[in-house]
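First comes the structure, then the notes that go with it.
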Amino acid sequence: MDKFVIRRPHHDEVQKQKSQVSSSDSLEDGEDECSGDDGNSQLIAENCEVLFEDRPAAIEVTDDALCTSFDGLDEFQTDAPLLYRSSIYVDAFNIALDTVLEQEGHLFSEKERAVFSAWRGLDYEAQYLYVRLFLRKEAAWYRTQRLGYRSNIGDMAKAIELLQQVRELPPCEEDTQSDISILPFPQEWMLGSTFDFAQSFESVETTIEDAVRLLSLDELKILAKQMKAVGKTKSELCTAIIHAGTKQHTLMTTGLRRNSSVDSATEATVAESTLKKRNSESPEQKSISSRRSEQLLEKVVALTGPCIRICPSVFKLFERVHLVFYRTTEWTEKSLTTIVLAKMSKRNFPDYIVTRTADIFDGRQQLLDFEAALRFQFRVDQIMCFDTGLVKGDGFREVIRIFDSISEHWRELVRQEQRLSRELLDPGDRSYLRRFKVVHVLTRVAHYAAHCHGRLHQYAEEYALLLELLNQRLLHPARRGVWYQRKALLEERYMAVVKPNPEYQDELQQKKYWLRKALETCELALQDHDCHLIYHYDLQKRTLKLEKRLRIPRRLQHDFGHARLLAPEEHNVEGVQFKRDEGILMHLSKFSKTKHSDSVGSCGLSTKTIWLDERESCSGTAVECSVEKMCLDDYRKQGWNGYHSEGGIVRTLFGYLFFDILFLFLPNVFQTAYQACPLDLYTDTFYASRAPEINRRLVEISNGDAPRIIQKVHDAHFARRTCIVGLKWDFPREDVIELAECFNGNALALICRVFAEEYGQRGGGLPDLLLWRKTPKPEVLFSEVKSANDRLSDTQRMWIHILAGAGVRVAVCHAVAKHFRIR
């Protein structure tokens with residue numbers, strides 16, 4: 001196995017290199033860039049959170065809190081000659097490209113390498129302009145007259161000309177083989193015989209909508225007045241102008257439409273409808289419509305002047321480069337964010353040894369398939385988050401349709417992975433690298449498809465898919481508990497009707513048969529070592545319930561007394577609760593039902609309660625607050641210090657105490673210099689591969705050394721706000737150290753051990769409030785806040801059990817309304 005070892009330069013060396021750079025970029029046009037600590041002191045790095053139980057946060061690519069947009073970034077004014085300038089954006093872009101080509105250039109075709117050679121041949125100003133457009137919305141049009149960057153680009157016209165120059169590509173073997181993917185969703189783009197880095201209106205087909213949207217509001221009003229179109233907002237004016245000028249939506253039936261996100265099914269339906277209408281038009285009507293479109297385009301171009309956008313195929317090629325460089329397993333549209341912020345010293349990563357593995361992808365075809373699968377998964381994620389404009393029921397059906405198109409291929413990939421696992425002598429060492437395979441990505445899609453079947457009440461299809469997911473043990477093992485739970489529920493409630501056993505004609509016998517199947521599922525789940533403990537409580541309850549329904553003799557029933565969870569303390573806090581006016585509430589509820597009448601399982605109004613903040617309210621002014629803040633204020637009256645962090649401060653403690661172990665050198669776990677944690681943190685191998693170091697640290701914590709360790713890490717890394725998984729620098733050092741002092745050493749060691757063994761699964765479920773006090777004696781209290789009709793989840797119950805078993809006080813704090821106010 002080929003490996004390339006790169007040691008990160010020390011922070012002082014980086015600063016020394018930066019001091020030799022004649023100029024750099026800043027955040028606003030004409031605004032000086034923060035040169036050092038002043039800029040850093042204002043920025044607190046938000047570290048990665050566990051959003052999905054198998055989701056890696058090691059490679060910090062997307063961070064909305066730190067960089068919501070690059071559209072506002074511009075140049076730094078300097079008197080240095082243009083010849084000696086250097087841009088952090090161009091440097092970051094070239095770092096990714098050079099690193100990938102040096103180590104994994106074999107993953108790219110001859111044509112693609114020719115594009116990279118042409119890129120290196122561009123001068124600095126052309127590269128700078130391209131990278132700045134690359135960081136903006138994907139393949140969007142921009143008016144060249146309104147491009148900034150004048151302080152970094154002396155000759156804008158020449159830079160645009162170089163980017164728009166058509167270049168020849170060499171004929172190669174790919175022209176005949178064409179990189180056809182074995183997946184049902186092949187590569188959507190290919191390089192032809194020529195290419196350009198950027199395009200103009202004259203060189204490509206586009207849509208009238210894209211051109212009209214480039215106009216400002218004042219320009220739209222002028223054009224609307226000429227065309228007698230009516231509208232108030234920019235969106236309304238655009239629609240009216242297009243309708244008045246073309247009577248259709250597209251300039252050409254083959255027009256290219258791209259934006260920053262995946263097109264929704266709704267847009268596709270509209271486009272299909274428009275195309276059908278156009279096909280039904282007579283030749284004379286088509287000719288008239290085409291002339292109108294041309295006339296409107298001429299008017300728009302006269303107002304906008306020349307425009308530019310980066311070429312979509314080259315854009316996607318560079319996205320592929322960044323995919324390989326970052327080793328990311330989730331699609332992102334801000335691939336340069338991390339490097340840029342790191343080079344600006346606004347994001348700093350620990351010093352560790354990077355070992356890039358050159359054989360993560362066996363070959364070019366595996367990379368192409370993996371890239372296609374990620375885009376495929378991104379589409380599904382957008383639908384599941386309801387970001388595409390689809391009504392929920394339609395979204396569920398779309399996810400199922402997407403999965404059906406790849407289901408057979410997914411099944412074949414699962415069989416191949418199982419065969420490969422049996423052939424390997426020790427597959428565990430690199431098991432976490434399985435996430436870079438297509439089958440891992442598609443299994444997540446299969447999980448979503450099963451969920452969608454259930455939401456649409458297609459229980460037979462959901463049950464069959466759950467069986468397939470449970471029959472394999474290599475992919476997404478953290479989800480096995482969810483699959484067991486759902487399978488048992490289907491067998492208990494629905495399968496007797498949906499899929500009756502032909503051996504039993506009596507309805508009662510059918511129900512008993514499926515109840516026995518549900519009981520078997522629960523028993524298998526409790527014996528499965530991949531079924532996490534957080535699911536055991538629900539499975540145990542279901543087991544006892546099924547045994548009673550089947551009238552199994554008591555002597556044969558399971559006894560889970562040894563595994564009974566410890567009960568928390570019960571606290572009550574009284575306050576004044578705000579409620580909506582009933583008339584408004586009924587109106588909103590009616591509106592919600594009407595709007596989503598075709599959806600399945602539509603979400604209702606928010607159930608989050610609002611309370612009166614008695615501490616902040618004064619002189620008759622009522623200040624609203626959350627239920628957690630109200631309870632926290634009540635605890636503070638009793639002498640407690642604390643935070644509403646939902647585990648954030650506990651993860652911060654773990655980051656402090658295990659910093660050196662997190663970044664201990666091990667092969668393969670640090671693939672880039674921009675990671676906040678090792679790749680294997682969310683797998684079972686993290687603890688096993690570092691057991692001696694972790695156990696030694698747990699002994700130190702038990703002996704009361706936690707405050708010393710925290711102080712040492714804080715002194716070394718606070719000034720730079722080093723990015724460490726889970727660690728939030730906005731918690732004051734004094735509070736963190738005081739909290740560690742109030743913890744019993746053995747209890748804190750036990751909590752840290754749980755995190756070290758199962759960091760991914762333990763990310764959620766910690767109580768809302770973490771409180772501590774030094775008098776009358778040092779103690780810590782975890783408190784889970786619950787409003788009326790709220791109950792504990794299984795993950796919360798498990799954490800309560802762990803904390804109580806460690807000797808830490810745990811309470812459930814019930815918020816009780818002493819009276820109500822109408823909002």
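Filtering region 672-694 to residues that are more than 14 Å from Phe755 (Cβ to Cβ) and surrounded by fewer than 22 Cβ atoms within 10 Å (Cβ to Cβ) leaves Ala673, Thr685, Ala688, Ser689, Ala691, Pro692, Glu693. Summed over region 497-537, the residues that are farther than 18 Å from Leu469 by Cβ and under 30 Å from the mean Cα position of the chain (by Cα) give a count of 4. Listed by first and then second residue, the pairs linking a residue in region 505-522 that is acidic (Asp, Glu) to a residue that is not in a loop (DSSP other than H, G, I, E, B), with Cβ atoms under 8 Å apart and 6 or more places separating them unless they lie on different chains, are Glu507/Ala496.
Check whether at least one residue in region 785-806 is in a strand (DSSP E or B) and either under 25 Å from Arg696 (Cα atoms) or not β-branched (Val, Ile, Thr) (or both), and report yes or no. Quick ask: steps written out before the conclusion?
Taking region 785-806 first, the residues in a strand (DSSP E or B) are 785-786.
So of that shortlist, the ones also either under 25 Å from Arg696 (Cα atoms) or not β-branched (Val, Ile, Thr) (or both) come out as 786.
Checking region 785-806: at least one residue is in a strand (DSSP E or B) and either under 25 Å from Arg696 (Cα atoms) or not β-branched (Val, Ile, Thr) (or both).
So which of Ile95, Ile88 ends up being crowded, with 21+ Cβ neighbours inside 10 Å and within 30 Å of the chain's Cα centre (by Cα)? Even if it seems obvious, please write down each step before you answer.
On the way: Ile95 fails: crowded, with 21+ Cβ neighbours inside 10 Å.
Among Ile95, Ile88, only Ile88 is crowded, with 21+ Cβ neighbours inside 10 Å and within 30 Å of the chain's Cα centre (by Cα).
Being under 30 Å from Tyr432 (Cβ atoms), at pLDDT 90 or above and either among the basic types (Lys, Arg) or assigned to a helix (DSSP H, G or I) (or both) is a property that Leu465 has.
Report yes if some residue within region 293-306 is under 30 Å from Phe361 (Cα atoms), in contact with a strand residue (DSSP E or B) (Cβ under 6 Å, 6 or more places away or on another chain) and modelled with pLDDT of 65 or more; otherwise report no. The answer is no; no qualifying residue exists. If you go through region 200-209 and keep only what is modelled with pLDDT of 80 or more and more than 16 Å from His243 (Cβ to Cβ), you end up with Ser200, Phe201, Glu202, Ser203, Val204.
Taking the criterion of being surrounded by fewer than 15 Cβ atoms within 10 Å (Cβ to Cβ), outside any helix (DSSP H, G or I) and not charged (D, E, K, R), the residues of region 515-551 that qualify are His529, Leu550. Scanning region 490-514 for residues being surrounded by fewer than 18 Cβ atoms within 10 Å (Cβ to Cβ) and in contact with a Ser or Thr (Cβ under 9 Å, 6 or more places away or on another chain) gives a total of 0. Residues in region 223-237: is at least one surrounded by fewer than 19 Cβ atoms within 10 Å (Cβ to Cβ), of a type in the set (Val, Ile, Thr) and either in the same structural domain as Lys111 (by TED's automatic domain parsing) or without any contact (Cβ under 8 Å) to a residue 24 or more places away in the chain (or both)? Yes, region 223-237 has at least one match.
Table: residues versus (1) surrounded by 22 or more Cβ atoms within 10 Å (Cβ to Cβ); (2) within 18 Å of Gly807 (Cβ to Cβ); (3) among the hydrophobic types (A, V, I, L, M, F, W, C).
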{"position": "Ala756", "(1), (2), (3)": "yes, no, yes"}
{"position": "Arg762", "(1), (2), (3)": "yes, no, no"}
{"position": "Leu766", "(1), (2), (3)": "yes, yes, yes"}
{"position": "Leu770", "(1), (2), (3)": "yes, yes, yes"}
{"position": "Lys774", "(1), (2), (3)": "no, yes, no"}
{"position": "Glu779", "(1), (2), (3)": "no, yes, no"}
{"position": "Ser783", "(1), (2), (3)": "yes, yes, no"}
{"position": "Lys786", "(1), (2), (3)": "no, no, no"}
{"position": "Ser793", "(1), (2), (3)": "no, no, no"}
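Selection of region 527-541 for residues being over 15 Å from Trp483 (Cβ atoms) and aliphatic (A, V, I, L, M) yields only Leu533. If you go through region 170-199 and pick out every residue that is at pLDDT 60 or above, over 30 Å from Ser407 (Cβ atoms) and surrounded by fewer than 17 Cβ atoms within 10 Å (Cβ to Cβ), you end up with 7.
Of the residues making up region 198-215, those that are outside any helix (DSSP H, G or I) and either aliphatic (A, V, I, L, M) or within 33 Å of the chain's Cα centre (by Cα) (or both) number 8.
When Gln485 is tested against the conditions (1) within 22 Å of Glu412 (Cβ to Cβ); (2) crowded, with 18+ Cβ neighbours inside 10 Å, the lone failure is (1). Just the residues that are among the aromatic types (Phe, Trp, Tyr) and crowded, with 20+ Cβ neighbours inside 10 Å, please, taken from region 719-752. Matches in region 719-752: Trp729, Phe743. Number of residues in region 117-157 that are surrounded by 13 or more Cβ atoms within 10 Å (Cβ to Cβ) and part of a helix (DSSP H, G or I): the value is 15. Here Arg435, Arg411 are screened, and the one residue that is of a type in the set (D, E, K, R), part of a helix (DSSP H, G or I) and modelled with pLDDT of 85 or more is Arg411.
Would you check if there is a residue in region 387-400 being in the same structural domain as Glu468 (by TED's automatic domain parsing), modelled with pLDDT of 80 or more, surrounded by 16 or more Cβ atoms within 10 Å (Cβ to Cβ) and among the acidic types (Asp, Glu)? Yes, region 387-400 contains at least one residue that is in the same structural domain as Glu468 (by TED's automatic domain parsing), modelled with pLDDT of 80 or more, surrounded by 16 or more Cβ atoms within 10 Å (Cβ to Cβ) and among the acidic types (Asp, Glu).
Condition first: at positive phi and of a type in the set (Phe, Trp, Tyr). Now tell me which residues in region 121-162 satisfy that. Result: Tyr149, single match.
The values are calculated or read from the model by the stated rules, or taken from the named source; none is laboratory data. As the structure is a computational prediction, the values presented were derived from the model and not from experiment. Cβ sites come from the backbone with ideal geometry, for glycine too, and all protein chains shown count toward neighbours.
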